[in-house]
Amino acid sequence: QLQLRESGGGLVEPGGSLLLSCAASGRTFSNYAVAWFRQAPGKEREFVAAISYFSDTYYGDSVKGRFTISRDNAQEKAFLEMNYLEPEDTAVYFCAADVTLTLESSLYDFWGQGAQVTVSS
């Protein structure tokens with residue numbers, strides 16, 4: 001099966017930036033679409049961004065214009081560049097992969113363990 005591991009989370013001040021990485025192993029990474037989801041305490045899991053195997057991208061309304069998803073198939077990694085961060089962005093961020101790009105988290109077969117992002121002054 002495909003294994004995913006997030007890294008790069010941490011504490012950042014409002015207005016700051018953070019780069020999350022998602023490293024894949026176990027299967028051919030380039031065959032999969034990759035998505036980022038986030039979940040804050042007391043809230044439902046929220047779609048953040050997705051990228052297809054041919055690098056088409058899609059963003060949730062709350063992060064559009066601030067976050068950028070990308071991938072490097074040679075490194076078997078996906079990235080989420082987060083800019084102009086707000087306290088409302090505080091959440092555990094998960095990367096997920098599936099053979100088909102979707103915005104629905106329940107349809108993804110493979111997940112990372114999650115990375116905590118805290119935006120606070």
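Structural remarks
- Among the candidates G112, G65, residue that is at pLDDT 95 or above, over 18 Å from L11 (Cβ atoms) and open to solvent by 60 Å² or more (accessible area, probe 1.4 Å): G65
- Restricting the range 13-30 to residues that are under 17 Å from the mean Cα position of the chain (by Cα) and more than 14 Å from V92 (Cβ to Cβ), the residue that is most open to solvent (accessible area, probe 1.4 Å): L19
- Boolean, F79 is farther than 12 Å from S21 by Cα, among the hydrophobic types (A, V, I, L, M, F, W, C) and open to solvent by 10 Å² or more (accessible area, probe 1.4 Å): no
- Residues of the range 31-62 satisfying the condition of being open to solvent by 80 Å² or more (accessible area, probe 1.4 Å), of a type outside the set (A, V, I, L, M, F, W, C), outside any strand (DSSP E or B) and over 16 Å from E6 (Cβ atoms): N31, P41, G42, K43, E44, Y53, D56, D61
- Filter result for the condition that a residue is aromatic (F, W, Y) and farther than 24 Å from T28 by Cβ, over F54, F67, F110, F94: F67
- Criterion: of a type in the set (V, I, T) and more than 25 Å from S121 (Cα to Cα) - qualifying residue of T102, T68: T102
The values are calculated or read from the model by the stated rules, or taken from the named source; none is laboratory data. Model, not experiment: these values are computed from the prediction. For neighbour counting, all protein chains shown are included, and Cβ atoms are generated from backbone atoms with ideal geometry for every residue, glycine included. These accessible areas exclude ligands, DNA and RNA; they are computed on the full protein's heavy atoms, side chains included. Shrake-Rupley method; radii C 1.70, N 1.55, O 1.52, S 1.80 Å.
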